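Written out below as structure tokens is the structure these notes cover.
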Amino acid sequence: MRAGVIGLGIMGGAIAERLLGAGHTVTVYNRTREKAEPLIEQGAHWAQSPAEVAHQSEVVISIVTDPKAVEQVSFGEVGIFDALPADSVHCDMSTVSVEWTRHMAETYRRAGKRFVQAPVLGGRKQILEGTLLVFGGGAEEDVSRCEPVWRAFSDKMWRFSSAEQATVTKLACNMLIAHMMVGLGQSMLFAAKGGVSPATLLDILLKSNLSAPMYATKGQALLERNFRANFFVRHLLKDLTLAEEAARETSTILPLNALTRELFVAAMQMGYADEDYSAVVKVMEQLAGTELSQNP
Ligand code: NAP
């Protein structure tokens with residue numbers, strides 16, 4: 001198929017790579033052109049604007065930072081919206097607010113254009129392995145059009161009848177990621193302060209019913225003090241904030257969010273915005289007066 005990718009950050013770059021590998025004709029655009037160079041070398045076509053990507057593509061994927069960035073690439077002067085051919089679908093895979101998702105879906109529907117909100121769970125590693133989780137929300141026919149493209153990087157797709165449901169699902173997952181990270185850091189630090197090796201505690205957790213693949217990768221990264229970003233602190237803070245906004249609309253109480261979000265705000269203030277979200281544990285280490293890596 002003719003697929004377009006707008007936004008070639010950690011996620012979009014890997015998605016474009018997989019689409020090329022699967023034999024799709026791929027057109028790419030990124031605000032900063034340098035990020036497209038390795039993809040152009042692999043056979044991707046460079047477009048001068050999001051509008052040009054839309055002209056060239058049956059499925060136009062956007063995967064950019066936040067609602068503001070989606071607005072820019074969709075409704076900016078040379079945006080996707082005006083240029084999207086009648087048969088093509090704009091599939092936004094960014095994590096955005098429920099309110100913004102509703103606005104996008106309604107704007108496209110009123111104009112008789114096709115739109116699917118398809119946020120994802122998993123990171124660059126899962127994209128490159130072809131195991132990313134995709135939550136596709138929109139009209140059935142439009143979701144069906146996107147699926148052959150998603151198959152290049154996903155083997156697990158869920159369908160939702162509205163775009164908003166897809167975003168709610170994604171935010172529910174990301175809240176849990178944040179809480180799990182803080183919970184793991186807390187238990188490992190508690191063990192370390194009590195004279196128990198955090199590596200031993202991690203080993204026990206991974207052999208217990210509490211085990212989760214995320215605890216294995218992030219627990220090891222904490223022990224090695226490796227905070228190279230797969231998913232930025234600033235992006236997870238954005239998602240916690242978006243979840244709170246959505247919860248207000250449905251009068252849902254999110255008691256854990258209040259504390260977890262404060263820790264992420266502190267991580268930003270301490271300069272960890274562009275580190276992996278596991279760097280939130282560095283805030284807790286400072287409060288505990290010890291680093292996990294110093295407790296063999
Ligand atoms: P990233 O590496 O920071 O990439 C962000 C992309 O958005 C870049 O291509 C950036 O362009 C573009 N962008 C930002 N502001 C823009 C604007 N105003 N106009 C046009 N383009 C703009 O982020 P990422 O990790 O790929 O994440 C992208 C989205 O996927 C986010 O919504 C994130 O929450 C979500 N997500 C990420 C992960 C993950 O593991 N990383 C997992 C699931 C979902 P430049 O290159 O020019 O800055």
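The values are calculated or read from the model by the stated rules, or taken from the named source; none is laboratory data. Treat the numbers as computed from the prediction; the structure is a model and nothing was measured. Counting neighbours? That spans all protein chains shown, and the Cβs are built from the backbone with ideal geometry, glycine included. The accessibility values were calculated without ligands, DNA or RNA, using every heavy atom of the protein model including side chains. Shrake-Rupley method; radii C 1.70, N 1.55, O 1.52, S 1.80 Å.
Computed extension gain for His179 through Glu224, at 0.36 nm per residue and net of the alpha carbon distance, reaches 14.1 nm. Bridge orientation summary for segment 2-161: considering DSSP beta bridges with both residues in this region, about 10 percent are antiparallel.
Taking only the C-alpha atoms of segment 2-161, Rg followed by Dmax gives 13.8, 39 Å.
Between Arg248 and Met270, the FRET efficiency estimated from the beta carbon spacing at R0 = 25 angstrom works out to 0.35.
Taking every alpha-carbon pair in segment 168-296 and binning the separations at 5 Å intervals from zero gives 2, 11, 21, 22, 19, 13, 7, 3, 1, 0 percent.
Using the Cβ-Cβ distance between Ala216 and Ser293 with R0 = 25 Å, the FRET efficiency computed as 1/(1 + (r/R0)^6) comes to roughly 0.90. Counted as membrane-span-like here are DSSP H helices of the chain whose alpha-carbon atoms extend 27 Å or more along the helix's own axis and whose Kyte-Doolittle mean is 0.5 or above; these are 163-193. In the structure shown, the pairs Lys218/Lys282; Lys156/Lys207; Lys207/Lys282 are assessed against 22 Å; a Cα-Cα span above that value is assigned to Lys156/Lys207; Lys207/Lys282. Size check on the chain: the Cα extents along the three principal axes, sorted descending, read 64, 47, 35 Å.
Per residue, how many Å² of accessible area does the chain show with a 1.4 Å probe?
On a per-residue basis, 46 Å².
What's the FRET efficiency of Phe190 with Lys68 using the Cβ-Cβ distance as r and R₀ = 41 Å, to the nearest 0.05? Once rounded, the FRET efficiency stands at 0.60.
Here segment 2-161 is assigned +1 on the Cβ of each Lys and Arg and -1 on the Cβ of each Asp and Glu. Its dipole about the Cα centre then comes out at about 220 debye. Direction-averaged projected area, Cα convex hull, segment 233-286: 3.4 nm², rounded to one decimal. Fully extending the segment from Ala111 to Lys125 would add 1.4 nm, taking 0.36 nm per residue of separation and subtracting the current Cα-Cα distance.
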